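Below is one structure; the comments refer to it alone.
The values are calculated or read from the model by the stated rules, or taken from the named source; none is laboratory data. Treat the numbers as computed from the prediction; the structure is a model and nothing was measured. Note that we place each Cβ from the backbone using ideal geometry, even for glycine, and neighbour counts take in every protein chain shown. Side chains are part of the model used for accessible areas, which takes the heavy atoms of the whole protein and leaves out ligands, DNA and RNA. Shrake-Rupley method; radii C 1.70, N 1.55, O 1.52, S 1.80 Å.
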Amino acid sequence: MDGFKLYVSNSWTIPPHGYDLCYQDPAGYPYPALTQTISCNQLGQYVIYYDDVPARGENGSVIELCYVAINGCKKNFWGINCNNSCTESCIEKHCYPGNGSCVLGCNTKSCMNDVCDKSTAICTNGCKERRTGFFCNKYNLAYDGVISQIPSGSKPANQANDGNQTSCLETVGTNVRFQVDLNNINIVTNIYLTSKVNSTVKGLVHKFYASNSSGDPEKGSILYQGEYLPRYLSVSSVFRYFTYIPSIKSALVHLEICEIGIVGCPSTKYGPLCSKACPENCHGPCELETGRCIFGCSNGWIGVNCEQTCSSGFYGSECLQNCSINCLISSCLHTTGECVGGCNSGWTGFDCTQETPALQTELNGAAIGGSIGVVVTVILIMLAGLIIYKKRKEKRKTQSRNEQQQYEDVRMENESTYQDLTTRSTSNEYDQINAAYVN
């Protein structure tokens, strides 16, 4: 193997091109070890072992290989199992399989001031707008957020989310806190923090809180708690407010935040750098990688991507509500339950659940009519009774008068008869007596 060469090439050319050379053994003593491990970190389809140095006592070289193993990853990947993607900050996304660092240098497209470390591809001065991460290849929700600090410091709070790691906000106090309002509830996967904290007392505990209200962040969930202040934190949480509180009793804390990066997507976006739109009928943010509506669908929609409307006769959340039985047709608007075909007679309202005024008046008129009818009936009965009573009274009076008149007539008739009888009786008796006397 004395003086051999190792090439990585995309062509099977012998002798290989000089620029494909990966390794060359220095010819001469000491001779190369029988077993060797050689790092190339080059792209190519062919690995060529080439030896043109004549062996001792031979006219040409002698090649005798017992075992060859070639380790590597496909282009743009790195790691033990080649599952990690090379950062876009590496030129041509070409990185070393062992550590992911750039082979050809770094791409400064998303780096602040176009500055990056050529070997690691890390953007050393920060990131351009809406970018965060060591390589500035992730979407930063904090860029459009609202920064606040207690107590207010001598420098503007927005210096913590301007992307520039060389400009920092500062605040000093015994009850210091730093908060980011993302303006909406979002899915968050990572947090990057470039900061410095000094305290006059040991035992400072750093706490990261996630909450959906700005007040009392301690009532939210704890993302991190410890004596070490991390620069990077992997999370899986859904929240609107991020709050950092260096916690220690009665201790003066000097807090300096240079940059905050909160990785996620706006509530209607997903995908790499949030370039894709979530299904329009998602309820809340969608899953960041697939776009699935993991929090369900808006009213009137179902399905994995909320692309299906409710079946006829149903509407609302998860299509579990029945359309009104008062709809003119059996179906209704699948989102609100509105009876688009109108209402059956006697009903009104967008979902036909209200009785019409005419029907209500008719029903009320019927009820009032019944009451009036009862009252009128009672009055009529009373009037009829009164009339009957008066008529009977008049009849009794007339009858009494008639009876009185009859009595008077009888009395007069009796008196006349008596008088007539008396007259006739007296005269006859006298005549008889006189005649008798005469006789």
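Side notes on the structure shown:
- Portion, in percent, of the accessible area of the stretch 255-313 that falls on carbon or sulfur, probe 1.4 Å: 50
- Å² per residue, accessible surface of the stretch 136-252 at 1.4 Å: 48
- Under 5 Å from the amide H of C106 lie the amide H atoms of I91, each residue being 5 or more positions distant or on a separate chain, with H modelled from the backbone and absent for Pro and chain starts.
- Rolling a 1.4 Å probe over the heavy atoms of the protein chains gives the stretch 283-330 an accessible area of 59 Å² per residue.
- Hz values of 3J(HN,Hα) by residue in the stretch 100-108 - Karplus curve (6.51, -1.76, 1.60), Gly and Pro given as x: x, 6, 6, 8, 9, x, 10, 9, 8
- Between the stretch 100-163 and the stretch 289-334, the alpha-carbon centres lie 43 Å apart.
- J(HN,Hα) series, the stretch 265-282, from Karplus relation 6.51 cos²θ - 1.76 cosθ + 1.60, nearest Hz, glycine and proline x: 10, x, 4, 10, 10, 7, x, x, 6, 6, 8, 10, 8, 5, x, 5, 9, 5
- Among 42-51, 135-144, 292-301, the order from most to least packed when residues are scored by Cβ within 10 Å on average: 135-144, 292-301, 42-51
- Between the stretch 215-236 and the stretch 6-78, the alpha-carbon center distance in angstrom: 51
- Modelled spin labels at I14 and R56, positioned 7 Å past Cα toward Cβ, are 2.6 nm from each other.
- Size of the stretch 231-345 as Cα extents on the principal axes (Å, biggest first): 75, 36, 17
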